[in-house]
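Heads up, the thing below is written out as structure tokens.
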Amino acid sequence: MPATLLSIGLDARLSAAEKAAREAGRLLLSHYGRRSQLVIEQKGLNDFVSIADREAEEAIAASLRPAFPEDGFLGEETGLSGAEGADRIWCVDPLDGTSNFLKGAHNWCVSIGLWSKGEPILGVIYDPLRDELFAGADGIAPTMNGAPISVSATGSIDKTSLGLGHNHRVPPAAFATDAERLFSAGGSFRQVGTGALMLAYVAAGRVDGYFERHMWSWDAVAGLALIKAAGGRFPAYPTPGTALPQGGLVLASGPALYQDFVNLFQIG
């Protein structure tokens, strides 16, 4: 194993993140079966949280923080905490796709990423309903349930399916313009209601890319680390000059189409 991996312990962290994701997934499944009984709060426009989100994040933190006390922890529900000035920060969305979860739509996941010195370096995304676990890190080949994965090799926009995300932090007109550009170039788009899971699908070649003008880091870091390990490309994340908790633009794809997407959406 390369000395760099030994020095930062990515292998141990990946194993721990996989275990934490599966534990959180089991907890979420128990809530999913009785979701009509959950107390739901609205944090913002079409942005919801329930006890399931909070308990899953607590379970992940209880698993990772004692094991790696030198790491920081950034959770969607609890914010940034832990070791001040930490070289590594866990970025955790315990339940990405809460709206889907609460409505019984079967697209939601657990996302656990690790960020270090300006780079996503490790990612675990777990879909409990399908029992699909995507995992990988710098120097550690990405897999889905142990089988190797890689990004799409599609080289023409008119043959692509691109994940195109939207949220209320971005003006609707910007999304409409992006969709028009994609359609005009002959492409199509897919959306399952969870950006983290879409990024896992990019890493696995199930979609050719994903574009969202703003993603929180707890949603993006794990997927971007997976995509990097799977041979994909994306601009610096978070947006240069922006603190990690503020997130930023995400455009990720296989290398064959990356520059075409950059040009299409006029990035940079």
Determine if the stretch 201-216 includes at least one residue that is of a type in the set (D, E, K, R), surrounded by fewer than 24 Cβ atoms within 10 Å (Cβ to Cβ), under 17 Å from residue 149 (Cα atoms) and modelled with pLDDT of 95 or more.
yes
Among the residues of the stretch 120-173, what is the count of those that are touching a residue at least 12 places away in the same chain (Cβ under 8 Å) and part of a strand (DSSP E or B)?
22
Return the residues of the stretch 98-107 that are touching a strand residue (DSSP E or B) at 6+ places or on another chain (Cβ under 7 Å) and surrounded by fewer than 24 Cβ atoms within 10 Å (Cβ to Cβ); say none if nothing qualifies.
98, 99, 102
Among the residues of the stretch 90-111, is any in contact (Cβ under 8 Å) with a residue 12 or more places away in the chain and farther than 30 Å from residue 36 by Cα?
yes
Here's a check for you: in the stretch 62-89, which residue that is part of a strand (DSSP E or B) and in contact (Cβ under 8 Å) with a residue 40 or more places away in the chain is surrounded by the fewest Cβ atoms within 10 Å (Cβ to Cβ)?
79
Residue set 110, 92; condition surrounded by 24 or more Cβ atoms within 10 Å (Cβ to Cβ), under 15 Å from residue 64 (Cβ atoms) and in contact with a Lys or Arg (Cβ under 9 Å, 6 or more places away or on another chain); output residue 110
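Answer yes or no as to whether residue 201 is assigned to a helix (DSSP H, G or I), of a type outside the set (A, V, I, L, M, F, W, C) and either without any contact (Cβ under 8 Å) to a residue 60 or more places away in the chain or within 17 Å of residue 93 (Cβ to Cβ) (or both).
yes
The values are calculated or read from the model by the stated rules, or taken from the named source; none is laboratory data. Quick caveat, the model's predicted, so the values are computed rather than measured. No Cβ is skipped: glycine too gets one built from the backbone with ideal geometry, and neighbour counts run over all protein chains shown.
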